[in-house]
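**Q** This structure is in structure tokens; I'll ask about it shortly.
Every number in this text was worked out from the coordinates using simple rules, so none of it is lab data. Keep in mind it's a predicted model, so treat the numbers as computed, not measured. Here the Cβ is made from the backbone with ideal geometry for all residues, glycine too, and neighbour counts use every protein chain on show.
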Amino acid sequence: MNLHEFLSIFISAVFIYNVILSRFLGLCPFVAISKETKPAFAMSAAVTFVITASSAVTWFIYRFLLLPFNLAYLRTLSFVLVIAALVQLIEMIIRKVSPALYRAFGIYLTLITTNCAVLGAAVLNIDMFFVKGKPVVGSFYYSLFQGVCMGLGYTLAMLIMSGIRERLEFCKVPRALHNFPIAFIIASVLSLSFMGFNGFKF
Amino acid sequence: MKSLVKEFTKGIIRENPTFVLVLGLCPTLAVSVSVANGIGMGVAATFVLLGSSMIVSLVKNFIPDKIRIPCFIVVIATFVTITELCLKAYSPVLDRALGIYVPLIVVNCIVLGRAEAFACKNNLASSFFDGLGMGVGFTLALVIISAIREFLGTGQVLGHTLIKGFEPPFVFGMPSGALLVIGLLLGLFNLIKDRKR
């Protein structure tokens, strides 16, 4: 466990294997809620928060519940349920503690339950930081950090996309390309430029 | 009988999950690098769709309305786990190619969408054909996208070289090519829809 590892996790999760532009996780909100910057930012903040929390919780579930009892095959099922419950819990806590924040997050928090970025991050953490059913040294910190970084990558892509789409309002887009198609074509160009980070290492 | 055929065919063209409903795009884009992967993903998703639609339509009367979504998710996750284990056992190569997108079928909006919108209101037979139709529609869409990408990205389709001396631009095998292809295809479908009107 050293700084070097953390740096390479950061670079690979934010730039090289960006959740949206390279791994295609969480595409639905990416095209649906990226028309304006403000809701896009609220959505990405909510996603970052939930990915971080779920990375920690699923790590504990896998390490101390599924592995000792030989239940690793229940990974998908248990993670989905835990994430759904976690999102509900976070929603309740936020509503109680900070109604203002709750209003800012709005329905986005509920939508996250079926966001594949969250489950994808949990599964990736397990795939990367457990070797043959044993956690690697510093596995928990890596998982947590990778969760945060994937959230940051999500936020970065969302902010760029919403910034572009806000300006797109003033452009003349061919009628057939309105809405979804043009969003995907923009994302394609973004993804192309992110490809330039390939091979970026410390 | 006629209505069953209708349930089956609607998922293929009129309500195609990928091109018309624009659902479940994450796996579509991620695995469509080659036609073999596309077919594998399509068959896996169809199996989950069929199984979960049938079970949901069988148990719909026992599930309290308030907790129906978590119940659907458990049913779907069970079938996804079966698929995962079978893939690992019988086709490790495909399993490695599809990677994390196999467990992610569980959050594929098509599957939960069919359970919520169709299977929990209809009987076993129509749910079966609805699931089958949607699955076939999804597989077809995957095959179309992955054939375009495999041809433009590697110059081959299913391992066969189609045009001799064609140097493919490899960008179509990369993520950005996937986004470009789906964007243009959705645009094309919009164009066709507008023409019809």
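**Q** Counting only other chains, what is the mean number of Cβ atoms within 10 angstrom of the Cβ of each residue in peptide B:166-178?
**A** Mean number of neighbouring Cβ atoms from other chains: 3.
**Q** Follow-up. How large is the convex hull of the C-alpha atoms of the protein assembly as shown per residue, in Å³?
**A** Cα convex hull per residue, to the nearest whole number: 171 Å³.
**Q** Next question, about the same structure. Over the Cα atoms of segment A:102-202, Rg to Rh with Kirkwood Rh, two decimal places?
**A** Across segment A:102-202, the Cα-based Rg/Rh ratio is 1.07.
**Q** So if I take the alpha carbon set of segment B:48-104, get Rg, then get Rh from the Kirkwood formula, what is the Rg over Rh ratio?
**A** Using Cα coordinates only, the ratio equals 1.10.
**Q** Then there's this: Enter the angle in degrees (range 0 to 90, nearest 10) between the Cα long axis of helix A:139-168 and the first principal axis of the Cα atoms of chain A, meaning the one along which they spread out most.
**A** Result, in degrees: 10.
**Q** To the nearest whole number, what is the average tally of beta carbon atoms from other chains within 10 Å of the beta carbons of peptide B:94-104?
**A** Mean partner shielding for this stretch: 4.
**Q** While we're looking at this one, here's another question. First measure r as the distance between the Cβ atoms of A:N179 and A:I11, then evaluate 1/(1 + (r/R0)^6) with R0 = 41 Å and state the FRET efficiency to the nearest 0.05.
**A** Once rounded, the FRET efficiency stands at 0.80.
**Q** I need to check one value: relative contact order of chain B, counting alpha carbon pairs closer than 8 Å and at least 6 residues apart, in percent.
**A** Once normalised by length, the contact order is 35 percent.
**Q** Kyte-Doolittle mean at least -0.5 and Cα extent at least 20 Å along the axis: which DSSP H helices of chain B qualify?
**A** Length and hydropathy pass: B:35-59, B:68-90, B:124-154, B:175-196.
**Q** Out of every Cα-Cα pair in segment A:12-197, what percent are more than 22 Å apart?
**A** The answer is 49 percent, as a whole percent.
**Q** Then there's this: Nearest 10 degrees, 0 to 90: what angle lies between the long axis of helix A:75-97 and the longest principal axis of chain A (Cα atoms)?
**A** On a 0 to 90 degree scale, this one is about 70.
**Q** Next question. Which entries in B:K10/B:K193; A:K96/B:K60; A:K35/A:K201; B:K66/B:K121; B:K121/B:K193; A:K132/B:K88 show an alpha-carbon gap greater than 22 Å?
**A** Correct reply: A:K96/B:K60; A:K35/A:K201; B:K121/B:K193.
**Q** How large is the dipole of the protein assembly as shown about the Cα centre if only Lys and Arg carry +1 and Asp and Glu carry -1, each at its Cβ, rounded to the nearest 20 debye?
**A** It works out to roughly 660 debye.
**Q** Next up: From zero outward in steps of 10 Å, how is the percent of C-alpha pairs of segment B:2-147 spread across the bins?
**A** Computed distribution, short to long bins: 13, 44, 34, 9, 0.
**Q** Angle between the Cα long axis of helix A:116-129 and the longest principal axis of chain A, 0 to 90 degrees, nearest 10?
**A** The answer is roughly 40 degrees.
**Q** Next question, about the same structure. If you count, for every residue in A:57-70, the Cβ atoms of partner chains within 10 Å of its Cβ, what is the mean?
**A** Counting other chains' Cβ atoms within 10 Å and averaging over A:57-70 gives 0.
**Q** Let me ask you something else. Sorted by average packing, counted as other Cβ atoms within 10 angstrom per residue and highest first, what order do A:161-168, A:37-44, A:145-152 take?
**A** A:145-152, A:37-44, A:161-168
**Q** Sticking with this structure for a sec: Normalising by the residue count of chain A, find the relative contact order in percent from Cα pairs under 8 Å and 6+ residues apart.
**A** The normalised contact order for chain A reaches 43 percent.
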